[in-house]
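Worksheet: one structure, shown below.
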Amino acid sequence: MGKRTAAADIGASSGKMALGVYDGNKLSVEEYRDFENRPVNIGAALYWDLFSLYHSIVDGLAYFSGKYGEPDTLGIDTWGATYGLLDRQGRLLEPVYHYRDKRTSRTLQDMERVMDMRELFSLTGCQCNRTYTLPQLYSYVTEENPALENADTMLLLPDLLGYFLTGVKNSEMTIAGTSCLMDTTQEKWSREVAARFSIPERIYTEIVDPGTVKGNLSERIKLETGCRKTKLMAAVGHDTASAVAAIPNFGPEKLYISVGTNINMGVEREQVFVNDTAYRKGLKNTGGIHRRKIVYRDFSACWHINEYRRTKQEGGWNLSHEEMIRMAEQVKGEVPWFDAEADLFVDAGGDFCEKMNRYFKATGQRQLTEEGEFIRSIYESIALKTRFYGDAFQEAGLNFGEINVISGGTRNDLLMQMISNAFGSTVLAGMPYATLYGNLLTQLYGMGEVASVEEMRELSARSFHMKVYEPEETQKWREFYEMYKEIIRKGERLKNKS
């Protein structure tokens with residue numbers, strides 16, 4: 001029968017569960033289950049619907065157990081930086097905040113009065129924006145909010161959900177690396193950062209490696225799901241690190257680009273990369289499988305697509321992703337571009353097309369009226385931004401040859417071709433469920449079914465397929481890229497003037 005593993009992967013837009021079966025040679029997925037991740041905006045604050053996510057995992061476990069028999073293990077991975085605070089009785093002190101909640105809108109400026117951001121990078125290997133855990137926690141300090149004073153424990157999201165299932169409180173290493181609260185080893189909490197930003201160290205828990213067995217499901221969960229022998233295992237808790245763990249035959253001097261709500265792209269190394277060049281290029285460090293380190297850059301990607309769709313839906317027009325791709329393919333002329341990281345696009349809400357046109361006008365480009373052009377502009381802007389940061393890695397001395405694109409965005413053939421065009425290089429793309437696969441594979445690694453990360457990635461190569469994209473219209477895209485860099489420079493000059 002083989003080993004059965006269940007994985008829950010929760011992204012910022014939706015969640016998925018899968019049941020995997022390993023027969024000793026290949027990993028296959030019996031079934032996927034999708035569920036909604038719908039933030040709660042009450043006007044005064046923006047929260048995640050934590051309890052809906054919890055119920056989705058419990059319901060998924062019960063479904064898999066009833067249909068296929070209980071799995072041997074379960075692993076949970078999520079996006080980074082989101083946390084819950086527990087009191088001494090193990091109860092949530094408050095709802096779980098969305099990382100885009102506006103309470104942190106000025107926290108980075110407050111932090112700079114405490115510590116220079118270059119020093120923070122040298123202490124943590126992170127260059128945090130306001131969505132990271134540290135700014136969220138520091139906002140309690142600046143607001144004199146008593147929640148932090150009353151907290152006994154902080155658990156990042158996959159560990160918080162795991163605590164609900166087992167009662168075990170610990171922190172998986174890779175998800176902790178998304179917090180800007182760890183030191184440059186990416187293996188332990190930074191006492192210096194905690195002291196300087198008045199974060200009480202008592203809220204930190206033991207850090208465990210991915211592949212560690214967290215414990216048995218609680219008696220209540222056993223009854224609800226029928227999973228009496230299933231153990232909760234620490235997956236690679238950070239969704240991007242989980243996806244990287246699953247890339248077939250991945251290793252040094254290869255670039256990954258994980259395309260989802262955000263793009264996270266980088267290289268895998270044995271040591272962190274912390275120097276002036278890395279800081280200037282905006283590179284960051286986090287932990288990966290088997291204490292390997294990931295040097296990466298991230299920026300909003302499909303977030304812009306989602307905001308465009310939301311804008312159209314509010315106007316009564318529901319567009320599918322397939323329809324948007326067809327509309328973009330029909331555009332034959334050149335379109336203007338925008339910087340995916342521009343401040344104008346950070347906050348949710350408002351008319352996204354109007355925001356795009358404001359950016360185009362400010363940078364001396366033509367404004368748009370045709371819907372297909374708006375969509376194509378988003379796709380091309382995303383592709384050109386990946387090339388922009390690919391250059392940043394090379395300039396920092398982090399060279400790469402092979403380019404691997406993974407995660408949900410790989411379903412978009414047009415965008416994958418654009419990324420190949422932007423780099424002028426062959427691209428291997430696929431594994432839309434890469435994060436789930438990394439979750440399942442890590443559980444097999446933790447059970448000793450595969451002896452090393454290399455064997456795990458060889459198993460991935462036997463089990464999953466990557467599609468090859470060759471660059472097209474290379475001269476045209478070379479010219480596009482030079483023009484795009486000038487647009488970025490114009491945007492930066494405008495930002496500095498303001």
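The values are calculated or read from the model by the stated rules, or taken from the named source; none is laboratory data. Being a predicted model, the structure only gives us computed values, none of them experimental. Backbone-built Cβ (ideal geometry, glycine too); neighbour counts: all protein chains shown. Surface areas here come from the heavy atoms of the whole protein model, side chains and all, with no ligands, DNA or RNA. Shrake-Rupley method; radii C 1.70, N 1.55, O 1.52, S 1.80 Å.
For Arg310 and Asp343 in one chain, what is 0.36 nm times their gap in residues minus the Cα-Cα distance, to one decimal in nm?
On the way: separation 33, 0.36 × 33 = 11.88 nm, distance 1.88 nm.
Full extension from Arg310 to Asp343 adds 10.0 nm.
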Whole-Å distance, taken between Cα centres, linking the range 181-217 and the range 449-498:
32
Amide H to amide H, which residues 5 or more places from Thr153 or on other chains are under 5 Å from it, using H placed in the peptide plane?
Leu86
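Percent antiparallel among DSSP beta bridges with both residues in the chain, to the nearest 5? Spell out each step's value before the answer.
Values: 49 of 68 bridges.
Roughly 70 percent of the DSSP beta bridges within the chain come out antiparallel.
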Counting only protein heavy atoms and leaving out ligands, DNA and RNA, the solvent-accessible surface of Trp48 at a 1.4 Å probe, in Å² to the nearest 10, equals 10
Tabulate in residue order the Karplus-calculated ³J(HN,Hα) for the range 67-83, using 6.51 cos²θ - 1.76 cosθ + 1.60 with θ = phi - 60°, rounded to whole Hz; enter x for Gly and Pro.
8, 10, x, 5, x, 5, 9, 10, x, 10, 10, 8, 5, x, 6, 8, 9
How long is the gain from Thr185 to Arg118 if the chain were fully straight, where each residue apart is worth 0.36 nm and the alpha carbon distance is subtracted?
22.4 nm
For Lys67, which lysines qualify as cross-link partners when the Cα separation must be under 19 Å and same-chain residues fewer than eight apart are set aside?
Lys3, Lys16, Lys222, Lys229, Lys231
For the pair Lys485/Glu395, report the inter-label distance in nm, with labels modelled 7 Å from Cα in the Cβ direction.
0.7
With point charges of +1 on the Cβ of Lys and Arg and -1 on the Cβ of Asp and Glu, referenced to the Cα centre of the chain, which listed residue (Leu137, Ala7, Leu444) lies farthest in the positive direction of the dipole?
Leu137
Round to the nearest 0.05 the FRET efficiency obtained for Leu108 and Tyr68 when R0 = 51 Å and r is the Cβ-Cβ distance.
0.60
Compare the peptides 483-496, 246-259, 433-446, 113-126 by average per-residue count of other Cβ atoms within 10 angstrom and give them in order, highest first.
433-446, 246-259, 113-126, 483-496
Cα-projected label distance for Asp413 with Thr212, points at 7 Å along beta-carbon direction, nm
4.5
Expected field for Phe345, accessible surface area in Å² at 1.4 Å probe radius, rounded to 10, holds 10
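In whole percent, and with a 1.4 Å probe on the protein chains, what portion of the accessible area of the range 377-498 is carbon and sulfur?
Carbon and sulfur: 47 percent of the exposed surface of the range 377-498.
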From phi via Karplus (6.51, -1.76, 1.60), per-residue ³J(HN,Hα) for the range 402-417 in Hz, x at Gly/Pro
5, 10, 10, 10, 9, 6, x, x, 6, 5, 8, 4, 4, 5, 4, 5
In deg cm²/dmol and to the nearest 500, what is the mean residue ellipticity at 222 nm of the chain if only DSSP H runs of at least 4 residues count, each as -39500 (n - 2.57), divided by the residue total?
-12500 deg cm²/dmol
Suppose the chain between Ala362 and Glu36 were pulled fully straight at 0.36 nm per residue; how much longer would it get relative to their current alpha carbon spacing?
113.7 nm
Order these peptides, 326-333, 80-87, 379-386, 49-56, by their mean beta-carbon neighbour count within 10 angstrom, highest first.
379-386, 80-87, 49-56, 326-333
Straight-distance crosslink candidates among lysines, where the alpha carbon sits under 16 Å from Lys281 and sequence neighbours closer than 8 are dropped:
Lys385, Lys485
Sparse-neighbour loop sites [trypsin sites (Lys or Arg not before Pro); the range 1-39; at most 13 other C-beta within 10 Å; DSSP]
Lys26
Label point 7 Å beyond Cα of Asp152 along Cβ direction - residues of the range 89-104 with amide nitrogen under 16 Å:
89-94
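Please tell me the relative contact order of the range 1-103 in percent, rounded to the nearest whole number, where contacts are Cα pairs under 8 Å and at least six residues apart. Write out the running numbers ahead of the final one.
Values: 172 pairs, mean separation 29.8, N = 103.
Answer for the range 1-103 is 29 percent.
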Per-residue counts of other Cβ atoms within 10 Å, averaged by peptide: what ranking do you get for 203-212, 137-146, 234-243, highest first?
234-243, 203-212, 137-146
List the aspartates and glutamates whose alpha-carbon lies under 16 Å from that of Lys254, not counting same-chain residues fewer than 8 positions away?
Glu268, Glu270, Asp391, Glu395, Glu402, Glu454, Glu458
